[in-house]
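Taking it in order: structure first as structure tokens, then the write-up.
The values are calculated or read from the model by the stated rules, or taken from the named source; none is laboratory data. The structure displayed is predicted, hence computed values, not measured ones. Neighbour counts are summed over all protein chains in view; Cβ atoms, including those assigned to glycine, are modelled from backbone coordinates with ideal geometry. SASA here: full protein model, heavy atoms, side chains in, ligands and nucleic acids out. Shrake-Rupley method; radii C 1.70, N 1.55, O 1.52, S 1.80 Å.
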Amino acid sequence: YFSRCLRQHLVLCSIVRLLGGHLDPRGRGSCEANAMSAQAAVRRFLGTSSQLPVVSASLARPLRTWHRVPQGVEDTSAKFFWLAAAAATASTMLAANSRKQEGRAISQCQGVKPLLVVGSLNADIIVEIARFPKQGETLGTRKPDTGYMVPGGKGANQAVAAARLTQGMDHGAQFVCQFGNDSHATTLEKVLRDNGLDISACGKTDSPSGQAFIFLEASGQNSILIVGGSNVAWPKAAKEQPGLRLVGGASVLLLQKEIPEHVNEAMAAAAAKAGVPVIQDVGGEDRPFSDALLRNLTFICPNETELERITGMPTSTEAQVVAAAKKLQAKGVKNVLVTLGADGALWLTSSGKVVKQGSFPVPGGRVVDTTGAGDCFRAAFAVAYVEGRPPQECLKFAAAAGAIAVSRMGAIPSLPMRKEVESLMKTGHI
């Protein structure tokens with residue numbers, strides 16, 4: 001937008017100067033509210049001046065693209081009110097004196113590119129148990145009515161979390177997966193649509209839906225067995241991957257390891273070529289990362305156990321976690337974001353700085369189910385990151401979202417709304 005405005009900077013600066021006293025300089029006002037103030041100011045200043053059609057002609061084209069001027073608006077004065085809205089928005093954005101304020105102004109008025117998640121979609125079968133049976137032993141479940149299905153999968157979890165955390169914002173979220181050919185697929189598709197996700201680029205396979213059998217203990221901890229199903233039925237050729245065309249238009253790309261590695265490699269390569277940040281979750285299938293993929297990652301996100309596995313280094317202390325993270329950076333990864341369970345999270349930035357965040361108290365005081373909490377954390381981090389929040393704020397937003405997720409049963413059903421996360425951050429409760 002700013003590059004387009006350079007061509008009309010004299011006109012724009014004049015309007016901005018006129019409207020400066022009528023706008024909220026902190027970037028908090030909505031575009032509509034600023035436009036209403038702008039209209040009154042412009043009417044008083046220009047009236048029926050001949051400058052009106054000049055301004056309209058010079059800015060109508062970029063504004064139609066940027067602010068979506070209704071096609072039916074042809075009246076010159078009406079067009080100018082849309083131009084005033086654009087100038088008001090620009091004034092608000094230019095007045096922002098920090099990255100955080102600028103991020104807020106852009107997301108409210110200009111709109112941000114959508115977050116793109118490419119990954120798995122599962123029918124999660126939750127089985128509540130007291131303990132695992134020993135070999136040759138048969139046990140009953142902890143509850144008689146357990147064994148129900150809830151939507152899940154690391155990709156879907158992150159996509160729905162991103163959609164809920166951007167609800168009411170302009171950027172939103174897109175999700176690319178492979179749907180199965182069974183009744184689960186119909187249910188799962190409805191859940192994704194109901195959460196406002198753009199799933200127009202998803203594929204459909206002749207395989208049954210992926211499934212995850214989640215064995216949930218009374219403490220809230222879980223163990224999971226995954227049946228790949230449609231999640232492993234992706235095209236072999238890189239150029240045939242569903243959703244590949246969306247990568248260049250995304251604000252960030254989120255990947256996990258519940259889909260084939262060649263899919264992640266193709267998506268990450270396209271993102272790197274387009275300058276789109278890539279956030280890679282380590283969770284999923286236990287397989288090594290290729291050096292080519294690691295070089296294309298902006299963030300790699302393991303928990304401490306996964307970090308130990310992929311580096312072969314101990315991760316019992318903070319110093320050990322940092323040392324293991326540096327080993328990944330030596331292979332080309334720019335940032336390493338490690339979740340540490342109850343101890344919070346640690347981010348080793350590309351500059352070598354260590355940023356730490358403790359965990360939030362769990363609402364209600366009890367961990368109910370940890371399924372999907374890591375996915376929620378990473379999606380929330382991605383949302384905060386593309387909104388331009390400072391590093392510590394990114395981690396804080398993610399930690400608050402994760403704390404809410406573990407206080408509820410299920411993966412997707414546990415994912416919080418944006419207002420809940422903001423409430424927990426401000427007041428300590430939702």
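General observations
- Scanning the range 155-187 for residues that are of a type in the set (A, V, I, L, M, F, W, C), in contact with a Gly (Cβ under 8 Å, 6 or more places away or on another chain) and farther than 15 Å from Ile412 by Cβ yields Val176, Phe179.
- Test: residue in the range 271-286 that is open to solvent by 10 Å² or more (accessible area, probe 1.4 Å), at pLDDT below 95, assigned to a loop (DSSP other than H, G, I, E, B) and in contact with a Gly (Cβ under 9 Å, 6 or more places away or on another chain): yes
- If the condition is being closer than 12 Å to Gly155 by Cβ and either among the charged types (D, E, K, R) or in contact with a helix residue (DSSP H, G or I) (Cβ under 6 Å, 6 or more places away or on another chain) (or both), then the range 180-204 contributes Leu197, Ile199.
Quick grid of which residues meet (1) open to solvent by less than 20 Å² (accessible area, probe 1.4 Å); (2) in contact with a Ser or Thr (Cβ under 6 Å, 6 or more places away or on another chain):
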site	(1), (2)
Gln174	no, no
His184	no, yes
Thr205	yes, yes
Ile226	no, no
Trp234	yes, no
Ala237	no, no
Gly249	no, no
Leu254	yes, no
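- Looking only at the range 119-140, residues that are open to solvent by 10 Å² or more (accessible area, probe 1.4 Å) and under 30 Å from Ala268 (Cα atoms) come to 0 in all.
- Count of the range 371-429 residues, restricted to those that are under 15 Å from the mean Cα position of the chain (by Cα) and of a type in the set (Val, Ile, Thr), is 4.
Residue-wise test of (1) over 13 Å from Ala162 (Cα atoms); (2) open to solvent by 20 Å² or more (accessible area, probe 1.4 Å).
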site	(1), (2)
Cys376	no, no
Arg389	yes, yes
Lys396	yes, yes
Gly410	yes, no
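- Test for Arg295: is it open to solvent by 60 Å² or more (accessible area, probe 1.4 Å), within 25 Å of Val176 (Cα to Cα) and more than 17 Å from the chain's Cα centre (by Cα): yes
- Filter pass, Ser107 being over 19 Å from the mean Cα position of the chain (by Cα), part of a helix (DSSP H, G or I) and modelled with pLDDT under 95: no
- For the residues Gly364, Gly352, Gly374, the requirement of being touching a residue at least 60 places away in the same chain (Cβ under 8 Å) and outside any strand (DSSP E or B) singles out Gly374.
- Per the listing Phe132, Phe215, the residue uniquely part of a loop (DSSP other than H, G, I, E, B) and among the aromatic types (Phe, Trp, Tyr) is Phe132.
- Every residue from the range 141-169 that is open to solvent by 10 Å² or more (accessible area, probe 1.4 Å) and in a strand (DSSP E or B): Tyr148, Met149, Val150, Pro151
- Out of Leu246, Leu294, sole residue that is modelled with pLDDT of 95 or more and touching a helix residue (DSSP H, G or I) at 6+ places or on another chain (Cβ under 8 Å): Leu294
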